[in-house]
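Here, each number is a calculation from the coordinates, and none is a lab measurement. All figures in this text were calculated on a predicted structure; none of them were measured in a lab. Cβ placement follows ideal geometry from the backbone for every residue including glycine, while neighbour counts extend to all protein chains displayed.
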């Protein structure tokens, strides 16, 4: 005989052992790094390996955000319907954190690209530590969150230009039940996001192009002088890669040279995808267009 | 792909020595070499450039018709 089928959703578990001589806790969160959905480090060891983090950043799977100032708890409590004999939850509690980041315009613009996106958030603490989540198969991922990026706040006499970020956690149980508190040997201060790199053409003719590469916001003022031949490509107007000779940057002025034949208007010069220099990664938002003298 | 100090030569480099000098002698790599030794170093570098016959494996590898090597 058929009858209604309803799953109650009860998560009652057996009591766990409570023995403890020392409480191991991480300190305050000072920076977030968010990963795209589905990303996880293969193991706890990998999640503590700085090279694995750098590789994930270079692959654009993982994005370190900016320093989190004024990190605060902004949880909302559950709401209930109160009857004469019973009390039922009508709105679940939400785990919410907020922080303020001091930001230049370009960094704000980058941060804004994460607004409303569901990501997986790793939290760096001052210990240095990392708050993460263990998956059933032993991988390490971030807590599932949606970021809301506040408006850019102009500087005042009390506060530099900044924006407030609200981190909405999808399920507070993720950390409470499956959390992983890691203590890596390195600090979040050593982890960088990908830097935009801008190619400035110094001179160009049919056989030689001289150029500099700078990082930072806008045109940037910090020259990148350690690129190699494999990091740079010249493409013709149709997009084909040209075979060129490459001369490393002149240490006196940071100017690189590429030589070849047949360089013409419409050719472009840029970095080859994301390139690494030490523990920093660079990418040209768009290659420089060549205008031949 | 031949490499001499800071210079990575294009695959299949086959220009004349005169053109090689025109192309690279004014770069900082050779300008920093004392003049009495510069010619010998240019010849050494030219041999490296000409001796490259392996296919390039990096982003500078050729994907379209190129005029490199034509004088």
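In chain A, helical runs assigned H by DSSP with n ≥ 4 each contribute -39500 (n - 2.57); averaged across all residues and rounded to the nearest 500, the mean residue ellipticity at 222 nm is -2500 deg cm²/dmol. Computed from the Cβ-Cβ distance with R0 of 30 Å, the FRET efficiency linking residue A:5 to residue A:79 stands at 0.60. When DSSP beta bridges are restricted to pairs lying wholly in the protein assembly as shown, around 95% turn out antiparallel. What relative contact order, as a whole-number percentage, does chain A give when Cα pairs under 8 Å and 6 or more residues apart are counted? For chain A, the relative contact order is 15 percent. Taking 7 Å steps out from each Cα toward its Cβ at residue A:106 and residue A:60 produces label points 1.8 nm apart. Cα-based radius of gyration for the stretch B:2-50, normalised by 2.2 N^0.38 Å, reads 1.02. Normalised by residue number, the volume inside the convex hull of the Cα atoms of the stretch A:47-197 is 155 Å³ per residue. Between the alpha-carbon centres of the stretch A:150-179 and the stretch A:210-287 there is a gap of 36 Å.
When A:183, A:16 are arranged by Cβ crowding within 10 Å, least crowded first, meaning fewest neighbours, the order is A:16, A:183. If R0 equals 30 Å, the separation of the Cβ atoms of residue A:154 and residue A:286 corresponds to a calculated FRET efficiency of about 0.55.
Let me know the shape class of the stretch A:30-101, please: from the alpha-carbon gyration tensor, a ≥ b ≥ c as square roots of the eigenvalues, rounded when a/c is under 1.5, otherwise prolate if a/b is greater than b/c, or oblate. Prolate shape, in that a/c is at least 1.5 and a/b is the bigger ratio. The fewest-to-most ranking of A:186, A:81 by surrounding Cβ atoms within 10 Å reads A:81, A:186. Per the Debye calculation on the protein assembly as shown with a single equal scatterer at every Cα and no solvent contribution, log₁₀ I(q)/I(0) for q = 0.09, 0.15 Å⁻¹ amounts to -0.69, -1.22.
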